[in-house]
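What follows is one structure encoded as structure tokens, with my remarks underneath.
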Amino acid sequence: DVKVTQSSRYLVKRTGEKVFLECVQDMDHENMFWYRQDPGLGLRLIYFSYDVKMKEKGDIPEGYSVSREKKERFSLILESASTNQTSMYLCASRRTGYTDTQYFGPGTRLTVL
Amino acid sequence: EDQVTQSPEALRLQEGESSSLNCSYTVSGLRGLFWYRQDPGKGPEFLFTLYSAGEEKEKERLKATLTKKESFLHITAPKPEDSATYLCAVQAAGTASKLTFGTGTRLQVTL
């Protein structure tokens, strides 16, 4: 079974703080993704990574950065948190190959005050 | 631009009352269509991948079908534990790993 874990289920931060969200997968997947999910907007891709030290911008990268130093770990960084970054953040991983299925973690509900 | 539209937004069924959820898509060359189930406050759980028109997949009370313009998720004799939001996503050919998601159908099954 694929397992994707995220460092926190709930997080409360203040405006201007630097925030780190971590994601770990245990299936040796090459690809990893960060999404945010908001009511009425669905899941939107923030960043993804094909492999270690590689990253690509998704649809809404502004205000975010990422880091992938090890294959199993993909971090999302909010450089200076703002209230409009209050959201559910979801990490996913996927093995490169024909099946293309992304497997998701449990999510982190971030509130920025 | 790839687009995914799911309908209805919300659906309330009685236990045992079969129905279908719709996912209409516009994509420049479909590589795969994915169905996920999401419970409140949790991450999406993978259900099915469909690759070509005419393909069908089943799992317990769920059956997913695919045409060139839409996919249906058929729920036969649903139970209260089938209550969840069902998400549809597409991957276009040549877009590497990127998925485009619909906003989901929120299903409630009552006794």
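The numbers here are math on the coordinates, done by the rules we state, and not lab data. This one's a predicted model, so the numbers in the text were calculated from it and none came from an experiment. Counting neighbours? That spans all protein chains shown, and the Cβs are built from the backbone with ideal geometry, glycine included.
Longest stretch of chain B clear of exposed loop sites (trypsin sites (Lys or Arg not before Pro), DSSP loop, at most 12 other Cβ atoms within 10 Å, sites excluded): B:1-67.
Taking the convex hull of the alpha carbon atoms in region B:1-60, what volume per residue do you get, in Å³?
On the way: hull volume 7.9 nm³, N = 60.
Output value, Cα hull per residue: 132 Å³.
With the gyration tensor restricted to C-alpha atoms of chain B, the semi-axes of the equivalent ellipsoid amount to 24, 14, 12 Å, longest first.
Only bridges whose two residues both fall in chain B count here: according to DSSP, what percent of them are antiparallel, nearest 5?
Details: 38 of 43 bridges.
The antiparallel proportion sits near 90 percent.
With Kirkwood's inverse mean 1/r over C-alpha pairs for Rh, give me the Rg to Rh ratio of region B:55-111, two decimals please.
Numbers: Rg = 13.4 Å, Rh = 13.0 Å.
Expressed as Rg/Rh, it is 1.03.
Annotation: amide H-H contacts under 5 Å for residue A:8 (H modelled 1.01 Å from N, sequence separation of 5 or more, or interchain): A:22.
Here the 3J(HN,Hα) profile of region B:57-62, calculated from phi with Karplus coefficients 6.51, -1.76 and 1.60 at θ = phi - 60°, is 9, 10, 8, 6, 8, 10 Hz, Gly and Pro shown as x.
Comparing B:94, B:41, B:52 along the charge dipole axis of region B:33-111, the residue lying farthest to the positive side is B:94, per the Cβ-charge model. DSSP beta bridges confined to chain A are antiparallel in about 90 percent of cases.
Which of the trypsin sites (Lys or Arg not before Pro) found in region A:1-32 are loop residues per DSSP with 12 or fewer other Cβ atoms within 10 Å of their Cβ?
On the way: sites: A:3, A:9, A:13, A:14, A:18; in loops: A:3, A:9, A:14, A:18.
The qualifying sites are A:3, A:9, A:14, A:18.
Sparsely packed loop sites in region A:40-102 (the chymotrypsin sites (Phe, Trp or Tyr not before Pro) outside DSSP H, G, I, E and B with at most 13 other Cβ atoms within 10 Å) comprise A:98.
Using the alpha carbons alone, the radius of gyration of the protein assembly as shown stands to its Kirkwood radius in an Rg to Rh ratio of 0.97.
What the Cα atoms of chain A give is an Rg and a Dmax of 13.3, 42 Å.
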